[in-house]
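Read the structure below first, then the notes.
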Amino acid sequence: MITLFGHGKTTKAIAAKFSGQCQIFDDHFTEPSTDEYGNRLLPPSCFDPEQSDVEIPSPGFPSNHPLIVKAKHVTSEYDFFKEQMPFSIWISGTNGKTTTTQICEHLLQDKGACAGGNIGTPLAAIDEKATIWILETSSFTFHYTKITAPDIYLLLPIKPDHLTWHGSMEAYIEAKLSVLRRMKEGSVAVVPKAFADTPTLAHIVAYENETDLAQHVGIDIDRIHFKSPFLLDAVLAACAQKILLDTVDYAHLNTFKIDHYKIEEFHDTQGRLWVDDSKGTNVDATVEALKRYKDKQILLVLGGDDKGVDLQELFDFMKTLHVKIFAIGSNTERLASLAQKEGVWLSKCFILEEAMKQIHAVHTKETVALLSPAAASLDQFKSYAHRGDRFKELALS
């Protein structure tokens, strides 16, 4: 019997693939029932580890949950589908995973590649005939993965994130690096130089930044038309193509379009610049967004669920800029205390509607209004997309 913990996209895909062979436990289930595929839906109190052959948690399912503690055969979807996995490229890090994954698929699609993992398509639903799986891989998934490893591993810089879930920055980093210890001879890992000495049988390509990486692997960075922070994403994806095919298709690479909600610029009828960076959910992402507009006066919408990270680095950086903060979300008071201590201007708005009202009153063609919250959205919104859409709606109203 296949046991699934959590009733999310990943476990639903497995349940659909193995109709009638699964039992799914979720805290929202209060009594036994059956899904449309004949799988049993059960409250956690019904779990019997003796009646389970394997337990697969949804990515992000708490590692200290009583079900995990009680289970005897916990594995990730990556380990579960190890035998079905073709040549694979895994992409991880803190910021830029989705963009790097998307660009990688864009470059290798004509070679039979398809993307999945954390990017939206669970492994159970990825095309089994694909010759390459390009997988955006979260630290949550790594926590539960003990056997499988990629053929190519692209690791973006690691910055503080998900510390509440992992318990510490050290545990978060360890999750990202754990894959290196499982990689085999002939595989390649492209990692920041800080992790170049991590024990592995893979060939290590270490980099300081996008320029350093491009020079190291023979990529002409001047032919890549992306700006930071997306330039590193593009170079990493090009690196995968270079490793596989010993060439880079610069013309095709430059046709890729960056997703919405990532430093997405637009203007209102008055010609004022607004920037939706709702996907900027941690300190490093917000710092990168601020860097782009460092020569302007920035009206910054900041705040939400900051996931317990240290925000000092962000405020140290903002002290060097001309920034006004319009704080929203559950950490408004925490942001206000930091701003007062560091001498940074801040208005306690608490909700986005109030922040946008105040910004409209002072925004001009000489300023930039930036939503880059350095926090998750679920304290007040359904998702980062919902937050970004509301920002655009209020900006243009």
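The values are calculated or read from the model by the stated rules, or taken from the named source; none is laboratory data. Predicted, not measured: the structure shown is a model, and the values here were computed from it. Because the Cβ atoms are built from the backbone with ideal geometry, glycine has one as well, and the counts that use them run over all protein chains shown. Just the protein is used for accessible areas: all its heavy atoms, side chains included, with ligands, DNA and RNA removed. Shrake-Rupley method; radii C 1.70, N 1.55, O 1.52, S 1.80 Å.
Output the relative contact order of region 60-172, whole-number percent, from Cα pairs under 8 angstrom with separation of 6+ residues.
With pairs under 8 Å counted, the relative contact order is 36 percent.
R0 = 51 Å: FRET efficiency of ALA125 with THR364, Cβ-based, nearest 0.05?
In this case the efficiency is close to 0.60.
Where a Cα-Cα gap under 19 Å defines reach, which lysines qualify for LYS348, not counting those fewer than 8 residues away within the same chain?
LYS319, LYS324, LYS357
Output wanted: per-residue J couplings in Hz (rounded whole) for region 207-219, from phi through Karplus 6.51 cos²θ - 1.76 cosθ + 1.60, θ = phi - 60°, x for Gly and Pro.
9, 8, 7, 5, 5, 4, 5, 4, 5, 5, 9, x, 9
Just HIS143, HIS73, HIS106 to compare: in a GNM of the chain, with alpha carbon springs under 10 Å, which one fluctuates most?
Fluctuation is largest for HIS73.
Can you grab the distance from the C-alpha centre of region 108-155 to the C-alpha centre of region 173-225, Å, no decimals?
18
Simple spin-label model, 7 Å along Cα-to-Cβ: ASP212 to LYS294 in nm?
1.7
List the aspartates and glutamates whose alpha-carbon lies under 19 Å from that of LYS296, not counting same-chain residues fewer than 8 positions away?
GLU264, GLU265, ASP268, ASP276, ASP277, GLU288, ASP316, GLU366
What does region 298-397 give for Rg and for Dmax, in Å, if only its C-alpha atoms count?
12.7, 36
Tell me the per residue accessible area of the chain using a 1.4 Å probe; a whole number in Å² is fine.
On a per-residue basis, 44 Å².
Rounded to whole Hz and in sequence order, give me ³J(HN,Hα) for region 297-308 from the Karplus expression 6.51 cos²θ - 1.76 cosθ + 1.60, θ = phi - 60°, writing x for Gly and Pro.
In residue order, the calculated couplings are 7, 10, 9, 9, 8, 10, x, x, 8, 7, 6, x Hz.
Mean separation of Cα pairs under 8 Å and 6+ residues apart, divided by the residue count of the chain: what relative contact order is that in percent?
12
Order the following by accessible area, largest value first: LYS307, LYS17, LYS146. Probe radius 1.4 Å; ligands, DNA and RNA are ignored.
Ranked list, largest accessible area first: LYS146, LYS17, LYS307.
For region 320-374, what does the equivalent ellipsoid look like in terms of its semi-axes, each the square root of 5 times an eigenvalue of the Cα gyration tensor, given largest first in whole Å?
They are 18, 15, 9 Å, listed largest first.
Let's see if you can work this out: charge +1 on each Lys and Arg Cβ, -1 on each Asp and Glu Cβ, no other charges. What is the dipole magnitude of region 84-207 about its Cα centre, in debye to the nearest 20?
The dipole of region 84-207 has a size of about 160 debye.
Got a number for the accessible area of GLU174? Probe 1.4 Å, square angstrom, nearest 10.
Looks like 80 Å² after rounding.
Treating cross-link reach as a plain straight distance, find the lysines whose alpha-carbon is under 18 Å from the alpha-carbon of LYS279, omitting any fewer than eight places away in the same chain.
Result set, ordered by chain and number: LYS97, LYS159, LYS227, LYS257, LYS262, LYS291, LYS307, LYS382, LYS392.
Over region 103-164, what is the mean sequence separation of C-alpha contacts under 8 Å (at least six apart), divided by residue count, expressed as relative contact order in percent?
27
If we count every other residue with Cβ under 13 angstrom of LYS296's Cβ, Lys/Arg +1 and Asp/Glu -1, where does the sum land?
Overall, the nearby charge balance is +3.
Kirkwood Rh over Cα pairs of region 1-85 into Stokes-Einstein at 10 °C, 1.306 mPa s: D in µm²/s?
125
Semi-axes of the equivalent ellipsoid for the chain, please: Cα gyration tensor eigenvalues, times 5, square-rooted, ordered largest first, whole Å.
After diagonalising the Cα gyration tensor, the semi-axes are 36, 28, 19 Å.
Using the basic label-point model (7 angstrom from Cα toward the beta carbon), what is the ASN254 to ILE351 distance in nanometres?
4.7
Under a GNM of the chain (C-alpha, springs under 10 Å), which listed residue has the highest mean-square fluctuation: SER337, SER58, SER372?
Top of the fluctuation ranking is SER337.
Rounded to the nearest 5, what % of the DSSP beta bridges within the chain are antiparallel ones?
Approximately 10 percent, going by the DSSP bridge assignments.
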